[in-house]
1. Would you point out which residue out of 57, 81 is outside any loop (DSSP other than H, G, I, E, B), modelled with pLDDT under 90 and more than 26 Å from residue 148 (Cβ to Cβ)?
2. Which residues, taken from segment 311-328, are without any contact (Cβ under 8 Å) to a residue 60 or more places away in the chain and not in a strand (DSSP E or B)?
3. Identify all residues within segment 502-522 that are over 16 Å from residue 475 (Cα atoms), loosely packed, with under 15 Cβ neighbours inside 10 Å and over 46 Å from the mean Cα position of the chain (by Cα); write none if there are none.
4. For segment 272-282, name all the residues that are more than 10 Å from residue 345 (Cβ to Cβ) and either outside any loop (DSSP other than H, G, I, E, B) or in contact with a helix residue (DSSP H, G or I) (Cβ under 8 Å, 6 or more places away or on another chain) (or both).
5. Could you please let me know if residue 200 is surrounded by 13 or more Cβ atoms within 10 Å (Cβ to Cβ) and at pLDDT below 90?
6. Answer yes or no: is there a residue in segment 302-315 that is under 30 Å from residue 504 (Cβ atoms), in the same structural domain as residue 273 (by TED's automatic domain parsing) and modelled with pLDDT of 90 or more.
7. How many residues, within segment 17-62, are farther than 17 Å from residue 87 by Cβ, touching a residue at least 60 places away in the same chain (Cβ under 8 Å) and surrounded by fewer than 15 Cβ atoms within 10 Å (Cβ to Cβ)?
């Protein structure tokens, strides 16, 4: 409070500030006891220090009698009285400072409309008023956002209700280009329930373009008029912020019970919505996602892939991502994305979280975006018997019998046993093979990513075999096996259980032909 007073005292004596005070909403009893009227402003006529007490001389236009005199002195009139800073802090909600613009040598104003009738729920701010500002010398610069008053006849019932309506500003180091999503501002003002909001800055570097974003909360969805004023002691350039990218594509989607797969540690991660992004010419790219339900922590990842859905994601597959899961929004930028096809994965942190989302893809060159079919889309899904590893088992194999030509994929999920934090947990891999435990051959995959499915992985995150085509004739030549192999054998009594889900072209196109058998693989 001492710092506030020193600033007020110094500036008021120099004639550089006018001060007013504002009360909060008060009950009738509080008004009677304090002599103040709720939700009204009072003017400061003078400041002084008396016996170490910091006093303000307040003009009270709302009362015909004086309030209790804090200094113990008699008021000059019934509408004016002295009050100490301590009592001001207790009885008033706001101190308004109206600064002398002559403190600065240069000034630029820009007038604009803000049509909130067209705004939508969400965290995207790309359509909010944004401006590019640059000063020729580093130093102090102040930004003032002023909401124009509306005449009485044009005001809505909501505006006349005195409900709080907040405005503010944020500064971004974004080269004068539009900012897509909230966050990462280098400086921002608090949102205030007022027609004006001041943002004081001493961080603007000379000849560097910054982006100013206007913020609001709870403004009625009508059309407003504003003025943005920039004050500095050097030349100012102020203009509307530009869109860095020439092309914008957007699509709406939804996480459902079938595709809300959660984060990459979940075995269902690959079931999340995936989009193919096709780039015909090298381009700068910005991708953002927002969820109207801002309680959802969300993330996006851009992966290397040639047009086919990713069935599992390794760190080497990820070209770029939005880093930590963030509530309501996420974004990422690639400065030079080469020609090719990529996969965009949209996920929530927890599996099973449902909700809508919007994806925005901005780029210098055209980029097409297409939703890929769901994993197992159009396929029959059914369960095989669970696989149970005992301590002595290195591998388990089940003979399978195709009843017709079909594609076949097995998805293996960890159910119980030592988890990944346990020293007794083992990595596993799953394959479709022909032959015997002594000699077998993997069946070739129908996809180009066959090799990735033959590596040892953490079963907690899910395993899957390569997708391959099998037919009854193959089983006549040599037995077909679903093989699950452990990296090493546990030397304790722990038992691990895994569930098995299979995908085929038609129901029961492949059936178990044996129980799970223990194999020793050379």
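The values are calculated or read from the model by the stated rules, or taken from the named source; none is laboratory data. Worth saying up front: this structure is predicted, and the values here are computed from it rather than measured. Heads up, the Cβs are rebuilt from the backbone with ideal geometry, glycines too, and the neighbour counts pull from every protein chain shown.
1. Result: 81 is the single residue among 57, 81 that is outside any loop (DSSP other than H, G, I, E, B), modelled with pLDDT under 90 and more than 26 Å from residue 148 (Cβ to Cβ).
2. If we filter segment 311-328 for residues that are without any contact (Cβ under 8 Å) to a residue 60 or more places away in the chain, which is where we start, we get 313, 315-324, 327.
If the condition is that a residue be without any contact (Cβ under 8 Å) to a residue 60 or more places away in the chain and not in a strand (DSSP E or B), then 313, 315, 316, 317, 322, 323, 324 are the ones that fit.
3. Those that are over 16 Å from residue 475 (Cα atoms), loosely packed, with under 15 Cβ neighbours inside 10 Å and over 46 Å from the mean Cα position of the chain (by Cα): 515, 517, 518, 520, 521, 522.
4. Within segment 272-282, the first condition is being more than 10 Å from residue 345 (Cβ to Cβ), and the residues that meet it are 276-282.
Once the filter is applied, which keeps residues that are more than 10 Å from residue 345 (Cβ to Cβ) and either outside any loop (DSSP other than H, G, I, E, B) or in contact with a helix residue (DSSP H, G or I) (Cβ under 8 Å, 6 or more places away or on another chain) (or both), segment 272-282 yields 276, 277, 278, 279.
5. Answer is no for this residue.
6. Of segment 302-315, the ones under 30 Å from residue 504 (Cβ atoms) are 303-314.
Then keep just the ones that are in the same structural domain as residue 273 (by TED's automatic domain parsing); that gives 303-314.
Next, only the ones that are modelled with pLDDT of 90 or more stay: 303.
The answer is yes; a qualifying residue exists.
7. Qualifying residue count for the region: 2.
To keep it simple, each residue is scored yes or no on (1) without any contact (Cβ under 8 Å) to a residue 40 or more places away in the chain; (2) assigned to a strand (DSSP E or B); (3) farther than 30 Å from residue 186 by Cβ.
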{"residue": "215", "(1), (2), (3)": "no, yes, no"}
{"residue": "228", "(1), (2), (3)": "no, yes, no"}
{"residue": "231", "(1), (2), (3)": "no, yes, no"}
{"residue": "237", "(1), (2), (3)": "no, yes, no"}
{"residue": "262", "(1), (2), (3)": "no, no, yes"}
{"residue": "270", "(1), (2), (3)": "no, no, yes"}
{"residue": "284", "(1), (2), (3)": "no, yes, no"}
{"residue": "294", "(1), (2), (3)": "no, no, no"}
